[in-house]
Every structure is written in C-alpha cells, then in structure tokens.
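A.B. asks: Quick one: this structure, given as structure tokens, is what I'll be asking you about.
The values are calculated or read from the model by the stated rules, or taken from the named source; none is laboratory data. Values in this document were obtained by computation on a predicted structure and should not be read as measured data. Using ideal geometry, Cβ is built from the backbone for each residue, glycine included, and neighbour counts are taken over all protein chains shown.
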C-alpha cells in the first residue's frame, strides 16, 4: 500500500518526520521481519516517495524500540506472553550452555519481541567448533550464518540458527576477548546484553 504524504511539509519538521519513520519502521519489523536498518530505510523511502531524508530525520534505535513496543502492545495481544515464554526458554538454554559464557541480547533481552524475533544469545568462547559439537550432541540441526560484529559492523562473526523448545534461537559466536567492553552501557545508559543473573533480575522486575 502506498501512503501519500506532503513530503515538503514533513521535511520542514524533522522531529515529526523522525517519529513517523520510526512508527512505519516498527510496522515493517513487526509484520515483515525486517531488521532495524532495512526497516528504517524502507520506511523513509515510503514516506518521502524516494527522496533522500533530510539531516536528523532518521530515527535512532531507541526511537524505533519505543515505536515497536507501542505497536506490539496495541496490535499484538500475544506480545507479553511471548516475551515471558522466550525469556523462560532463554534461562533454560543459558543454563545448558553455561560453559560458553552466554549473554542474552536483542528483542528478548529488551522485552520488545515480535513473533519472528529469536532468542539471541551471544557466546564468548574461544572454540566455535566446540559450540557446534555441543549442538550436534543435542541432536539439533542448525543453519550457519554470519552476522555483523556488535562492536564493528564491518567485521562479521559466525552464528548458528535453530529451533529449541519450539522457539527460534540464534547463537552468535565471539571470543573471550570480545567480552572486554561488551558490558559497557550504550549511549542511552541501557545495557545491551546481560548474563543469566541479569536476565533473571529483568524477569523479576517484570513480574
């Protein structure tokens, strides 16, 4: 569906446009499974008719988080239950993979979880083959992917995608050295990942 907007008026009010792009991106993430970057660019193209977005008009991750949370709370009646269920599964999986230093990140960590969003664990362990062997020992079939490194998107890391307890799971494989600095809070002051104890604290706070 093409949405008609007065793009000239919107470009004169970048704050309003930024919120509109964030809301449109949230719909794309929830409905189409796009990642934040792709959803933001597609939303901007839709709203501006292909014109370049003015400086300061593209929303940041926190603004998209807020818009996605609002969208899911309004239009997805299963959202709260899904977050709780996937966090419980994450606890069980983190216990089973404790030797690989798992940290939860992404949608389930944030508590903003569209239907397609996986339980994303980052493992900080120096032997990726041991992780793969562990999954094979569990008789889990997985796909091997690559993801941008959280610290430098120009670099990539190996990731393993599979289903466990009927929930989508993504394991991204880092080295122990990558954990250095990984627990620093982002620009917003919010933690971007957490270990099992931190996840349990979030679950207690939400209950």
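A.B. asks: Select from region 142-171 the residues that are under 20 Å from residue 90 (Cβ atoms) and not in a strand (DSSP E or B) and list them in ascending order.
C.D. replies: 142, 150, 165, 166
A.B. asks: Pick from 158, 132: which is surrounded by 12 or more Cβ atoms within 10 Å (Cβ to Cβ), touching a strand residue (DSSP E or B) at 6+ places or on another chain (Cβ under 6 Å) and modelled with pLDDT of 95 or more?
C.D. replies: Result: 158 is the single residue among 158, 132 that is surrounded by 12 or more Cβ atoms within 10 Å (Cβ to Cβ), touching a strand residue (DSSP E or B) at 6+ places or on another chain (Cβ under 6 Å) and modelled with pLDDT of 95 or more.
A.B. asks: Among the candidates 49, 56, 37, 61, single out the residue that is surrounded by fewer than 19 Cβ atoms within 10 Å (Cβ to Cβ), more than 17 Å from the chain's Cα centre (by Cα) and closer than 25 Å to residue 190 by Cα.
C.D. replies: Exactly one residue qualifies, and that residue is 56.
A.B. asks: I would also like to ask the following. Can you pull out the residues in region 16-60 that are more than 15 Å from residue 70 (Cβ to Cβ), without any contact (Cβ under 8 Å) to a residue 60 or more places away in the chain and out of contact with any helix residue (DSSP H, G or I) (no Cβ under 7 Å at 6 or more places or on another chain)?
C.D. replies: 32, 35, 37, 38, 41, 45, 50, 52, 55, 60
A.B. asks: So is residue 145 buried (at least 16 other Cβ atoms within 10 Å of the Cβ), modelled with pLDDT of 95 or more and either closer than 13 Å to residue 109 by Cβ or in the same structural domain as residue 121 (by TED's automatic domain parsing) (or both) or not?
C.D. replies: no
A.B. asks: So, one more: Pull out all pairs, ordered by first then second residue, where Cβ-Cβ is under 8 Å, the residues are six or more apart or on different chains, the first lies in region 152-170 and is more than 16 Å from residue 107 (Cα to Cα), and the second is assigned to a loop (DSSP other than H, G, I, E, B).
C.D. replies: From residues that are more than 16 Å from residue 107 (Cα to Cα), the pairs are 155/149; 156/149; 157/149; 160/142; 162/140; 162/141; 162/142; 164/140.
A.B. asks: Which residues, taken from region 97-129, are in contact (Cβ under 8 Å) with a residue 12 or more places away in the chain, out of contact with any strand residue (DSSP E or B) (no Cβ under 8 Å at 6 or more places or on another chain) and not in a loop (DSSP other than H, G, I, E, B)?
C.D. replies: Going residue by residue through region 97-129, those that are in contact (Cβ under 8 Å) with a residue 12 or more places away in the chain are 97-126, 128.
Okay, now just the ones that are also out of contact with any strand residue (DSSP E or B) (no Cβ under 8 Å at 6 or more places or on another chain), so 98-99, 110-115, 126.
Selection gives 98, 99, 110.
A.B. asks: A further question follows. Please verify whether region 87-95 includes one or more residues that are in contact (Cβ under 8 Å) with a residue 12 or more places away in the chain and over 18 Å from residue 165 (Cα atoms).
C.D. replies: no
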